[in-house]
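The values are calculated or read from the model by the stated rules, or taken from the named source; none is laboratory data. Worth saying up front: this structure is predicted, and the values here are computed from it rather than measured. Glycine gets a Cβ as well: all are built from the backbone with ideal geometry, and neighbour counts include every protein chain shown.
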């Protein structure tokens, strides 16, 4: 992976530590969801049960505010089905199919 966006000011946690933390978080959510399922099957109303969420989110390398500002500047890719060439091609294919259909009936 590129080292271009990494700075020496922000030390990254060791991969093993991150991996273990993510694993324990997934396990916690799985256990809590299992408890919720047991409570609902025992007769508790689903609206009354607390649904677990992710309490820990990994820190991202990119700045969220910068990404939001770039979204507005991003140019939309050209949609090929909106071009005249594509519409002409579609019309030509439809006309050709119609000609074969008419020829097949005769």
Going by the structure shown, is residue 88 surrounded by 10 or more Cβ atoms within 10 Å (Cβ to Cβ) and modelled with pLDDT of 90 or more?
-> yes
Filter result for residue 1 (surrounded by fewer than 10 Cβ atoms within 10 Å (Cβ to Cβ), out of contact with any helix residue (DSSP H, G or I) (no Cβ under 6 Å at 6 or more places or on another chain) and modelled with pLDDT of 85 or more) = no
Residues in region 41-68 that are at pLDDT 80 or above and surrounded by 10 or more Cβ atoms within 10 Å (Cβ to Cβ) total 2
Any residue in region 22-33 that's on the phi > 0 side of the Ramachandran plot and assigned to a helix (DSSP H, G or I): show its pairings with residues that are surrounded by 11 or more Cβ atoms within 10 Å (Cβ to Cβ) and at pLDDT 90 or above at Cβ separation under 9 Å, as long as the two are six or more apart or on different chains.
-> none
